[in-house]
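Report on one structure; see the data block that follows.
The values are calculated or read from the model by the stated rules, or taken from the named source; none is laboratory data. Here the structure is a predicted model, which means the values were calculated and not measured. Cβ: placed from backbone, ideal geometry, glycine included. Neighbour counts: every protein chain shown. Protein only, heavy atoms only, side chains kept; ligands, DNA and RNA dropped before computing areas. Shrake-Rupley method; radii C 1.70, N 1.55, O 1.52, S 1.80 Å.
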Amino acid sequence: MKAVISVIGRDSVGIIAKVSTSCAECGVNILDISQTVLEDYFTMIMITDIDRMTVSFSEFVDRMDKLGRESSLQIHAMHEDIFNSMHKI
Amino acid sequence: MLAIENIIETINMIREECLDIRTITMGISLYDCLSEDPNRLADNVYDKIMHSAANLVSTGMEIEKKYGIPIVNKRVAVTPVALLAGRLDHDGVVKIAKTLDRAARELGINFIGGYSALVQKGATNGGRTLIESIPEALSVTDLVCSSVNVASTKAGINMDAVAEMGHIIKKTAVMTADRGSIGCAKLVVFANAPEDNPFMAGAFHGIGEPETVINVGVSGPGVVASAIRRAGDCNLLELAELIKKTAFKITRVGQLVAREAAEKLNVPFGIVDLSLAPTPEIGDSVAYILESMGLERCGCAGTTACLALLNDAVKKGGVMASPQVGGLSGAFIPVSEDAGMIQAAKCGSLTIEKLEAMTAVCSVGLDMIAIPGDTDDAVISGIIADEISIGVANTKTTAVRLIPAQGCSVGDMVSFGGLLGEAPVMRVNTGSPAKFIGRGGHIPAPIHSLKN
């Protein structure tokens, strides 16, 4: 199973490092990262493998939320099924 | 592999365009609660609801977190209480209302529906007792919702019940006058009431439903309005296609949530309701969709046509997205719960007469409309009769949820708080239909009801 982590906010040093450290701590494997910076505005979409996750999905969502608040970013982890069901027939 | 543009589209729908799941509603049958003893009956009702819906709120929150989409309401709908009330007196049936309220509060759900009676052909003892008790029941409870089905295409219109409901609505308004007559915001009069509707105030667990069931209502007017705005100057055929595609996406999320909730709660999945349900939040309005299609203001000429196109396209997109659709399934046009409708009513562009025309092409009816507190009971019954006739003649659901706001006159604002919003008191035609309503009896079923 996969989860999508979205990070939106003002660009600063070490955003990817912070998110990927948190992922590593939870046993979440990063499969793909795409990012854009538009006029200081940072958007990153990370696709991750959560099969060997060491915490519950709910706890992981909380961790990402907390990290977002601490870094003044919007960080959300969402299960892949919501994207699959919306965009695939 | 997931495409980045699809991921961003979904995230924008949720974060910027107010996409949410409006409600997960668990239907619970109360047939097995029957007892000779009214106290025992109330205890059985309490136990059954508490047991069946014990995990409803926590499951809703869990799903909310997993998919990152808000699930605004968790609700319960029960067997129409009139069916249990045959031997109850006034106090006995009000006790059931209090029991429902207590259970809802303890479960942490937002509303509980089913304080209802189906009297389209005539009222049973239970139906009569329940209807008579509605004003008190709604004044001593906070979370209980009530509905009365007074007509169907098959049965015609029970005009005695229509006359009675004029008095009941007025009395409910008076008994909750200290709270903006809020009791009336939880009371709906129906024609062709659906038995699997997840939306309040009209939800109840129909007589042909299973023991328990999960029904889900989606929302998403903001998503549709944004898609239309982005499309620019396309023609109406292209617009209809665009709305269909958007409705498909919205409904797929509803289906995902419904399936997951049903699995987790070990309860059968019932239906996804395709209604576009607005909220008073800016950007979550059905009126804004109509305006983004090219109307200067909701209520102006062209409004009914825009709504007809919208309603049809939403259904066509939605049915592809779920194996079972049902409930009300159509665009809602509640005045107080829709920022654009409130504005349009305030500036005089939207009138009750125009709203009545609009209900001929969409779900659901004259919904959440504040009228002057001194409106005559017979006028209220007349408005009900008109609206219900549209439903009966067109083989569709229509409903009336009017709030005769006590102490208020045309132009005043009445606030109900939360999702119920606020409404400007609208003008009604005060010419009296008292003689017509006073005739009582029955308006027969239309000829096209004879389909066999």
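Of all the residues that make up the range B:45-90, how many are open to solvent by 30 Å² or more (accessible area, probe 1.4 Å), over 23 Å from the mean Cα position of the chain (by Cα) and within 19 Å of B:ALA137 (Cα to Cα)?
Number satisfying all stated conditions: 5.
Can you pull out every residue in the range B:300-311 that is within 14 Å of B:VAL361 (Cα to Cα) and either open to solvent by less than 30 Å² (accessible area, probe 1.4 Å) or small (Gly, Ala, Ser) (or both)?
B:GLY302, B:THR303, B:ALA305, B:CYS306, B:LEU307, B:ALA308, B:LEU310, B:ASN311, listed by residue number.
Across the range B:103-156, what is the total count of residues that are among the polar types (S, T, N, Q), buried (at least 22 other Cβ atoms within 10 Å of the Cβ) and over 29 Å from B:ALA445 (Cα atoms)?
So the count comes out to 1.
Identify all residues within the range B:53-75 that are under 26 Å from B:LEU420 (Cβ atoms) and more than 14 Å from chain A (Cβ to nearest Cβ); write none if there are none.
Within the range B:53-75, B:ALA53, B:LEU56, B:VAL57, B:VAL72, B:ASN73, B:LYS74, B:ARG75 meet the criteria.
Suppose we filter the range B:12-30 for residues that are within 12 Å of chain A (Cβ to nearest Cβ) and open to solvent by less than 10 Å² (accessible area, probe 1.4 Å); how many remain?
3
Restricting attention to the range B:255-287, which residues are within 14 Å of B:LEU56 (Cα to Cα), touching a residue at least 60 places away in the same chain (Cβ under 8 Å) and assigned to a helix (DSSP H, G or I)?
If the condition is that a residue be within 14 Å of B:LEU56 (Cα to Cα), touching a residue at least 60 places away in the same chain (Cβ under 8 Å) and assigned to a helix (DSSP H, G or I), then B:VAL257, B:ALA258, B:GLU260, B:ALA261, B:LYS264, B:LEU265 are the ones that fit.
Hey, can you tell me all the residues within the range B:259-298 that are among the aromatic types (Phe, Trp, Tyr) and within 28 Å of B:ALA240 (Cα to Cα)?
Once the filter is applied, which keeps residues that are among the aromatic types (Phe, Trp, Tyr) and within 28 Å of B:ALA240 (Cα to Cα), the range B:259-298 yields only B:TYR288.
Specify the residue that is farthest from B:ASN6 (Cα to Cα); the eligible residues are those in the range A:35-59 that are among the hydroxyl-bearing types (Ser, Thr, Tyr) and open to solvent by 70 Å² or more (accessible area, probe 1.4 Å).
A:THR54
When the range B:111-132 is examined, which residues are found to be more than 21 Å from the chain's Cα centre (by Cα) and either of a type in the set (Ser, Thr, Tyr) or not in a helix (DSSP H, G or I) (or both)?
B:LYS121, B:GLY122, B:ALA123, B:THR124, B:THR129
Is at least one residue of the range B:247-254 crowded, with 22+ Cβ neighbours inside 10 Å, in a loop (DSSP other than H, G, I, E, B) and of a type in the set (D, E, K, R)?
No, the range B:247-254 has no match at all.
When B:ALA117 is evaluated against the numbered criteria (1) in contact (Cβ under 8 Å) with a residue 40 or more places away in the chain; (2) within 26 Å of B:PRO404 (Cβ to Cβ); (3) of a type in the set (Gly, Ala, Ser); (4) touching a strand residue (DSSP E or B) at 6+ places or on another chain (Cβ under 8 Å), which criterion, by number, is the only one it fails?
That leaves (1) as the condition not met.
Working carefully through the options A:ASP32, A:ASP62, A:ASP11, find the one that is among the acidic types (Asp, Glu), surrounded by fewer than 17 Cβ atoms within 10 Å (Cβ to Cβ), more than 10 Å from chain B (Cβ to nearest Cβ) and on the phi < 0 side of the Ramachandran plot.
A:ASP11
Yes or no, residue by residue, for (1) open to solvent by 10 Å² or more (accessible area, probe 1.4 Å); (2) touching a residue at least 24 places away in the same chain (Cβ under 8 Å); (3) in contact with a Lys or Arg (Cβ under 6 Å, 6 or more places away or on another chain):
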site: B:VAL335; (1), (2), (3): no, yes, no
site: B:SER415; (1), (2), (3): yes, yes, no
site: B:THR430; (1), (2), (3): yes, yes, no
site: B:PRO444; (1), (2), (3): yes, yes, no
site: B:LEU450; (1), (2), (3): yes, no, no
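Every residue in the range A:70-86 that is at the interface with another protein chain (Cβ under 7 Å from one of its Cβ atoms) and touching a strand residue (DSSP E or B) at 6+ places or on another chain (Cβ under 8 Å), please.
Across the range A:70-86, the qualifying residues are A:HIS76, A:MET78, A:HIS79, A:GLU80, A:PHE83.
Only one of (1) assigned to a loop (DSSP other than H, G, I, E, B); (2) among the charged types (D, E, K, R); (3) buried (at least 23 other Cβ atoms within 10 Å of the Cβ) is not met by B:LYS170, so which one is it?
Condition not satisfied by B:LYS170: (1).
So B:ALA360 passes all but one of these: (1) over 23 Å from B:ALA177 (Cα atoms); (2) surrounded by 20 or more Cβ atoms within 10 Å (Cβ to Cβ). Which condition number does it fail?
The single condition B:ALA360 does not satisfy is (2).
Just to be sure before I move on: is B:MET358 under 13 Å from the mean Cα position of the chain (by Cα) and either under 19 Å from B:MET426 (Cα atoms) or modelled with pLDDT of 95 or more (or both) in the structure I sent?
no
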